[in-house]
Amino acid sequence: QVRLVESGGGLVQAGDSLRLSCAASGRTFSIDAMGWFRQAPGKEREFVATISGSGRYTYYADSVKGRFTISRNNAKNTVSLQMNSLKPEDTAVYYCATGCSGDYYRGPCDYWGQGTQVTVSS
């Protein structure tokens, strides 16, 4: 059974940084794209960033480009999201996903984590 577990969320101030991590288990993920998505209160879940199986290709939403960096460690089956210069509008529950298809691996995705809350105060 595939399992994704996120960690690293929290409450920070605008301008601060956070690093989210996602540990995958249950199968070999080195060939699968992985990604981060988020859902703010009252809004639909949206694409944040995705990374190809090799890690060679990365894609970002315009709203986070230049501030967020996605990376992966296939030896450890982990994917991370380094978030810098955080803004209040980045406040959301962040989800890790894998088995993603579509343009830029934006979805649909087969497997999801339970999410981790990120709150950015102004």
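The values are calculated or read from the model by the stated rules, or taken from the named source; none is laboratory data. It should be emphasised that the depicted structure is a prediction, and the values quoted were computed from it without experimental measurement. Virtual Cβ from ideal backbone geometry, glycine too; neighbours counted across all protein chains shown. Accessible surface is based on the protein model in full, side chains and every heavy atom, while ligands, DNA and RNA are left aside. Shrake-Rupley method; radii C 1.70, N 1.55, O 1.52, S 1.80 Å.
Among the residues of the range 30-49, count how many are in contact with an Asp or Glu (Cβ under 7 Å, 6 or more places away or on another chain) and either among the aromatic types (Phe, Trp, Tyr) or open to solvent by less than 10 Å² (accessible area, probe 1.4 Å) (or both).
Result for the range 30-49: 1.
Which ones in the range 38-70 are closer than 17 Å to Gly102 by Cβ and of a type in the set (A, V, I, L, M)?
Result: Val48, Ala49, Ile51, Ala61, Ile70.
Does Ala24 satisfy being touching a residue at least 40 places away in the same chain (Cβ under 8 Å) and touching a helix residue (DSSP H, G or I) at 6+ places or on another chain (Cβ under 7 Å)? Before you say what the answer is, go through the steps one by one.
Values: touching a residue at least 40 places away in the same chain (Cβ under 8 Å): yes; touching a helix residue (DSSP H, G or I) at 6+ places or on another chain (Cβ under 7 Å): no.
So Ala24 fails the test.
State whether one or more residues within the range 15-23 are on the phi < 0 side of the Ramachandran plot, over 13 Å from the mean Cα position of the chain (by Cα) and crowded, with 22+ Cβ neighbours inside 10 Å. Spell out the reasoning first.
Quick first cut of the range 15-23, residues on the phi < 0 side of the Ramachandran plot only: 16-23.
After this cut, where a residue has to be over 13 Å from the mean Cα position of the chain (by Cα) as well, the list is 16-17.
Retained after the next criterion (residues that are crowded, with 22+ Cβ neighbours inside 10 Å): none.
Scanning the range 15-23, I find no residue that is on the phi < 0 side of the Ramachandran plot, over 13 Å from the mean Cα position of the chain (by Cα) and crowded, with 22+ Cβ neighbours inside 10 Å, so the answer is no.
Picking from Phe29, Phe47, which residue would you name as being over 17 Å from Val120 (Cβ atoms) and at pLDDT 95 or above?
Numbers: Phe29 fails: at pLDDT 95 or above.
That would be Phe47, the only listed residue that is over 17 Å from Val120 (Cβ atoms) and at pLDDT 95 or above.
Where residues in the range 1-53 are β-branched (Val, Ile, Thr) and not in a strand (DSSP E or B), which of them is nearest to Pro88 (Cα to Cα)?
Kept after step one, since they are β-branched (Val, Ile, Thr), are these residues of the range 1-53: 2, 5, 12, 28, 31, 48, 50-51.
Keeping just the survivors that are not in a strand (DSSP E or B) gives 2, 28, 31.
On the way: Val2: 32, Thr28: 36, Ile31: 34 Å.
Ranking the qualifying residues of the range 1-53, first place goes to Val2.
Looking at the range 54-76, which of its residues are in a loop (DSSP other than H, G, I, E, B) and open to solvent by 40 Å² or more (accessible area, probe 1.4 Å)?
Of the residues in the range 54-76, the ones in a loop (DSSP other than H, G, I, E, B) are 54-57, 61-67, 74-76.
Selection gives Ser54, Arg56, Tyr57, Asp62, Ser63, Lys65, Gly66, Asn74, Ala75, Lys76.
Pairs please, first residue from the range 1-15 and charged (D, E, K, R), second anywhere and modelled with pLDDT under 95, Cβ atoms under 8 Å, 6+ apart in sequence or on different chains.
Arg3/Ala24; Arg3/Ser25; Arg3/Gly26
I need the full set of residues from the range 84-122 which are within 14 Å of Phe68 (Cβ to Cβ), open to solvent by 20 Å² or more (accessible area, probe 1.4 Å) and either in a strand (DSSP E or B) or basic (Lys, Arg) (or both), in order please.
Answer for the range 84-122, where residues must be within 14 Å of Phe68 (Cβ to Cβ), open to solvent by 20 Å² or more (accessible area, probe 1.4 Å) and either in a strand (DSSP E or B) or basic (Lys, Arg) (or both): just Lys87.
Collect the residues in the range 88-99 that are modelled with pLDDT of 90 or more and either within 11 Å of Gly9 (Cβ to Cβ) or touching a strand residue (DSSP E or B) at 6+ places or on another chain (Cβ under 7 Å) (or both), keeping them in residue-number order.
Pro88, Asp90, Thr91, Ala92, Val93, Tyr94, Tyr95, Cys96, Ala97, Thr98
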